[in-house]
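Visitor: Sharing a structure, written as structure tokens. Questions coming.
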Amino acid sequence: MNFNELYFQKLVQALSLTLIHSLWQGLIAAVIAGTILMLTKKAKPALRYNLLATLLFTLVLTSAYTFASLLFSENEFVNNHLSNSESVRFAVTGKVSFSEKIAFTGSENRAWISYLMDFCSSNAQVIAALWFVVFAFKSFQATAGFLYLQKVKKHNAHPLRESWRLRFDILAKKMKITQAIQVIESEHVLVPMVIGFLKPMVIIPFGIFINLPETQIEAIVLHELAHIKRRDYVVNLMQIFCENIFFFNPALLWLSSLIREEREHCCDDLAISVMENKTSFVHALVSFQEYNVNGSAFEMAFSRKRNHLLDRIKRIIYNNNKPLNAMEKLFVTFSLLTAVALSAAIPQEAPQPPLSQAARPQPMVKPMPVFSQKPEKPEMLAVADQDTLPKKKKAGVTENAGSIELNENTSVNTNTVIATNYNVDINTDGISTYRINSNGKDYDIVRVDGKIRVLRIDGKEIAEDQFSKHQDEINEILQKVKEEHQKAEVHRQEADKHRAEADAMRKQADEHRSQANQQRIQADEMRVQANQQRLQADEQRKQAETWRAEAEVHRVHADKDREKFEGMQDNIIDDLKDAGVIKSKVDLSYKFNENELVVNGEKQPEALHQKLREKYMKDKNFEMLYNYGSKSGSSTGIHYKK
């Protein structure tokens, strides 16, 4: 195909503009998606899933309609809106800038919208080429993922063990699935997944039956069967295709991720309804919390992301859908503001003339189009109507009593200024056109380098030699235009001042917020330290109480030992009195142990020692002292030996 052919140029133009239009269409879809999520916080996941999926495919269909409209309505646009010279140019180059379309349909364009569309129109082939390169790469990735899954089905795959084959069939019947399903155990996967639509296959990690209880395995299998029952694989394939086409559109990618989350929630609820055991399903999710697999996009995996698993667990436990996080709220807000700004910047149709003026001739002066590049062939772009009086040519400008014509060497940039009922087009080359309604009259004025070249009043051409008769009213009109310009400049300066003040206030607010955040962080740190100190104090108090309890036990034991010693001591003294060894306790001292009995420094007979030892020691081994030793170092007490 010849790259200069008209049809190819139209196709490239339509494709590039469709890609650009899909961005603002996606912003509107993002606002609608955020609204759906906020209004369905307590709704079932199936409702949210259906609404979001409908929104996604509506967005795709809207882009398809936009592409078809741009592609098949181009000829009608050329015939109805372009002059002969522009038609020739379109046939030669296949390009007409967006601002030209606006100018020829009588609309008032916004500068930046016009610039953007001009840029996209002029660089349509570059935009389409870049898009095609990335789209081809994404498609290659998707194909590689599909081929990898085919490899997983055949390599290191084992049939489902017989002990679970019958149970799997029972679970499929509970899920009311009559379709034949193949089940294998694979060594290449870490989490269960479903692939295929016409011949679905459930792939289970090899060895899962060893590491998980049976109830949790049933929960996992039911979740995968829910994907098959809902035919999620088809929707997933459509999502992949849409994501590959609109890979540059953040709104569509976010919407697609929301659909995937809600799809998992739907399968969770379906599995729980069959199991009638929410706890086992939650435990199954927790068991897979450490798995994080970057698998193929074609697989319907039980879980890939840790955070998503935690969100699923929270939703199941608290029966509440996950709200928008901070980044999602910021994105929805940005989408809303951008959509509003774009809607305000879209050119509106030119107002229709009053009925009383319908029969009047149309003004000769037309808005002058802006071209983004020099035409390939010389052409004449008329500011006045083509069929006016004969024209005489001048370098860059052709003048006549009622018209001005610009040739290809004249650079035209039109900035439109609207002041009440004034419509002024000012050219940087000194050409100004005025379309004014003042005092009940319509004035069309063209000035070149400050001098009036064309004057029409109520559609009637005024000869150049008659300009002086209308000089006063023209001066009055131009003075009003000047005053309106001055007022607009004052308003602009005030707006700039207010914007600067707002920026300063926002900067102060940011500083205050930063200080507040720092203070909050310090307060959090102090609270953490206080909690740590409180925990340490609690530990010390508990330890002190333990020590006090142990001391009390020791004291009780000591009291009992003392009472026992005093009783035994009195009994031994009585036995010594009975044996005639002593007569009283005065100046008494003795040592009594397993080896000897010493009373007042004299070792007693073995018979008496043996008698007392059998009476008091028995199976114990101790030594009892009573005032034994020197006066300065005498000791009294009982000492147990090991």
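Visitor: Would you please name the residue that is farthest from Glu276 (Cα to Cα), looking only at residues in region 192-245 that are in contact with a helix residue (DSSP H, G or I) (Cβ under 9 Å, 6 or more places away or on another chain) and of a type in the set (Phe, Trp, Tyr)?
Guide: In this case the residue turns out to be Phe241.
Visitor: Being open to solvent by 20 Å² or more (accessible area, probe 1.4 Å), over 23 Å from the mean Cα position of the chain (by Cα) and not charged (D, E, K, R) is the filter here, so list the residues in region 222-269 that pass it.
Guide: Residues satisfying the conditions are Tyr233, Val234.
Visitor: Another question about this same structure. If a residue must be over 19 Å from Glu476 (Cβ atoms) and either at pLDDT 85 or above or open to solvent by less than 50 Å² (accessible area, probe 1.4 Å) (or both), how many such residues does region 437-459 contain?
Guide: 3
Visitor: Here is a follow-up. Would you be able to say whether some residue in region 237-256 is of a type outside the set (Asp, Glu), in contact with a Pro (Cβ under 9 Å, 6 or more places away or on another chain), closer than 24 Å to Leu37 by Cβ and in contact (Cβ under 8 Å) with a residue 12 or more places away in the chain?
Guide: Scanning region 237-256, I find no residue that is of a type outside the set (Asp, Glu), in contact with a Pro (Cβ under 9 Å, 6 or more places away or on another chain), closer than 24 Å to Leu37 by Cβ and in contact (Cβ under 8 Å) with a residue 12 or more places away in the chain, so the answer is no.
Visitor: Tell me yes or no: at least one residue of region 183-190 is part of a loop (DSSP other than H, G, I, E, B), open to solvent by 20 Å² or more (accessible area, probe 1.4 Å), within 15 Å of Phe209 (Cα to Cα) and modelled with pLDDT under 85.
Guide: Checking region 183-190: at least one residue is part of a loop (DSSP other than H, G, I, E, B), open to solvent by 20 Å² or more (accessible area, probe 1.4 Å), within 15 Å of Phe209 (Cα to Cα) and modelled with pLDDT under 85.
Every residue, every condition in (1) at pLDDT 90 or above; (2) among the small types (Gly, Ala, Ser); (3) over 13 Å from Leu258 (Cβ atoms), yes or no:
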{"position": "Leu19", "(1), (2), (3)": "yes, no, yes"}
{"position": "Leu23", "(1), (2), (3)": "yes, no, yes"}
{"position": "Ile36", "(1), (2), (3)": "yes, no, no"}
{"position": "Leu39", "(1), (2), (3)": "yes, no, yes"}
{"position": "Val60", "(1), (2), (3)": "yes, no, yes"}
{"position": "Ala64", "(1), (2), (3)": "yes, yes, yes"}
{"position": "Phe67", "(1), (2), (3)": "yes, no, yes"}
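Visitor: Follow-up. Name the pairs whose Cβ atoms lie under 6 Å apart, with the first residue in region 461-483 and over 13 Å from Arg447 (Cβ atoms), the second modelled with pLDDT of 85 or more and of a type outside the set (Gly, Ala, Ser), and 6 or more positions between them or separate chains?
Guide: So the pair list comes out as Ile462/Leu455.
Visitor: Out of region 469-514, which residues are open to solvent by less than 90 Å² (accessible area, probe 1.4 Å) and among the polar types (S, T, N, Q)?
Guide: Gln471, Asn475, Gln479, Ser514
Visitor: Say whether the condition of being open to solvent by 10 Å² or more (accessible area, probe 1.4 Å), assigned to a helix (DSSP H, G or I), polar (S, T, N, Q) and modelled with pLDDT of 85 or more is met by at least one residue in region 71-79.
Guide: no
Visitor: Within region 602-612, restricting attention to residues that are more than 13 Å from Gln569 (Cα to Cα) and outside any strand (DSSP E or B), which residue is least open to solvent (accessible area, probe 1.4 Å)?
Guide: Among residues in region 602-612 that are more than 13 Å from Gln569 (Cα to Cα) and outside any strand (DSSP E or B), the one least open to solvent (accessible area, probe 1.4 Å) is His609.
Visitor: Still on this structure: Have a look at Asn571, Asn621, Asn595 and point out the one that is touching a residue at least 24 places away in the same chain (Cβ under 8 Å) and open to solvent by 60 Å² or more (accessible area, probe 1.4 Å).
Guide: The conditions single out Asn571.
Visitor: How many residues are without any contact (Cβ under 8 Å) to a residue 12 or more places away in the chain and in contact with a Ser or Thr (Cβ under 7 Å, 6 or more places away or on another chain) when one looks only at region 26-48?
Guide: 1
Visitor: When you look at Glu539, is it closer than 21 Å to Ile431 by Cβ and assigned to a helix (DSSP H, G or I), yes or no?
Guide: Against the criterion (closer than 21 Å to Ile431 by Cβ and assigned to a helix (DSSP H, G or I)), Glu539 does not qualify.
Visitor: A further question on this structure: In region 21-34, which residues are under 12 Å from Leu255 (Cα atoms) and open to solvent by 60 Å² or more (accessible area, probe 1.4 Å)?
Guide: Ile28, Ile32
Visitor: Considering only region 574-592, state which residues are of a type in the set (A, V, I, L, M, F, W, C), over 19 Å from Ile638 (Cβ atoms) and surrounded by 11 or more Cβ atoms within 10 Å (Cβ to Cβ).
Guide: Ala579, Val581, Ile582
Visitor: On to the next question. What is the number of the single condition among (1) surrounded by fewer than 17 Cβ atoms within 10 Å (Cβ to Cβ); (2) under 37 Å from the mean Cα position of the chain (by Cα); (3) farther than 30 Å from Leu17 by Cα; (4) not aliphatic (A, V, I, L, M) that Gln179 does not meet?
Guide: For Gln179, the failing item is (2).
The values are calculated or read from the model by the stated rules, or taken from the named source; none is laboratory data. Just so you know, these numbers come straight off a predicted model, no measurement behind them. Quick reminder, even Gly has a Cβ in these numbers, built from the backbone with ideal geometry, and neighbours come from all protein chains shown. Side chains are part of the model used for accessible areas, which takes the heavy atoms of the whole protein and leaves out ligands, DNA and RNA. Shrake-Rupley method; radii C 1.70, N 1.55, O 1.52, S 1.80 Å.
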